[in-house]
Amino acid sequence: MRTFFDLSQSDLIALAFFGIVWALFNYAAEGVIFRRPSLTVAMNLQRINWISTMARRDLRMIDTAIMQGLQQGTAFFASSSLIAVGGCFALLGTPDTLMTLLADLPYAPPPSRLLFELKVIGLVVILAYAFFKFGWAYRLFNYCSILIGAVPMAAETRENPKAADRAVRRAARMNILAARHFGAGLRAVFFSVGYLGWFIHAYALMATTLLLLAVLTRRQFFSAARAAVLDGLEPHSGEGRRLRVFPDKR
């Protein structure tokens, strides 16, 4: 049964499922839903530890190198997302070959041109969202570099610890906000891979979404990387949300 824009009821259900899973996982990764701290939340705590440690030393070449690495990684993903958007627009210009390929897949319903174009536009929207998130994260990492430069040197920190603490909190907060937007962009790229299942079938979209959710959940909550970051910092049961830092504003 087809509805508006040639979408079937199963298409609408699969899209709603995809969007809900994406939104819930974003909240879970940021520590909003579960008490068990995620890898993202644990890394936010380490960002504060990094900036606090930096304030107690005068030689900050390593901190400059870290910021350059963060900015370069963000710029790479931003440019990659923009290239992917361009590829999707190119696909809209020559859809016949891919439509023929999809029609030959088993269990795949014959695709209409309107529905195929709608699916490609949806992919463009996801990748464009990722690009804007990466672009804003790059800008915030630039701001963070300035705030890091404003953190007093070790001698000044000892003379005026309150002012130094405020400078550390400003720099750490900006770094966490930049990382939050970078993470949102990265998750958009991951979910764009799951979205590709819709080109086969609505049920394939639900299956790829569940598979992607399982992979990302393991990495955020049960991975060796999480265990390494939380080594010696694992909170007691029920204290996971205490690891959240600066959660009030985005």
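The values are calculated or read from the model by the stated rules, or taken from the named source; none is laboratory data. Because the structure is a prediction, the values reported are computed rather than measured. Neighbour counts are summed over all protein chains in view; Cβ atoms, including those assigned to glycine, are modelled from backbone coordinates with ideal geometry.
Data for the structure
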item	result
The listed residue being touching a Phe, Trp or Tyr at 6+ places or on another chain (Cβ under 6 Å) and either at pLDDT 95 or above or crowded, with 19+ Cβ neighbours inside 10 Å (or both), out of 14, 29, 78	78
Residues (free of Cβ contacts under 8 Å to residues at least 24 places away in the same chain and either under 33 Å from the mean Cα position of the chain (by Cα) or surrounded by 13 or more Cβ atoms within 10 Å (Cβ to Cβ) (or both)) located in the range 149-159	149, 150, 156
Among residues of the range 49-72, those that are closer than 19 Å to residue 130 by Cα and free of Cβ contacts under 8 Å to residues at least 60 places away in the same chain, counted	1
Count of residues meeting criterion [over 15 Å from the mean Cα position of the chain (by Cα) and under 15 Å from residue 71 (Cα atoms)] in the range 120-139	1
Of all residues making up the range 170-187, the number that are without any contact (Cβ under 8 Å) to a residue 40 or more places away in the chain and surrounded by fewer than 21 Cβ atoms within 10 Å (Cβ to Cβ)	1
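This table checks each residue for (1) over 13 Å from the mean Cα position of the chain (by Cα); (2) modelled with pLDDT of 95 or more; (3) among the aliphatic types (A, V, I, L, M).
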site: 161; (1), (2), (3): yes, no, no
site: 168; (1), (2), (3): yes, no, yes
site: 175; (1), (2), (3): yes, yes, no
site: 179; (1), (2), (3): no, yes, yes
site: 191; (1), (2), (3): no, yes, no
site: 196; (1), (2), (3): yes, no, yes
site: 207; (1), (2), (3): yes, yes, yes
site: 211; (1), (2), (3): yes, yes, yes
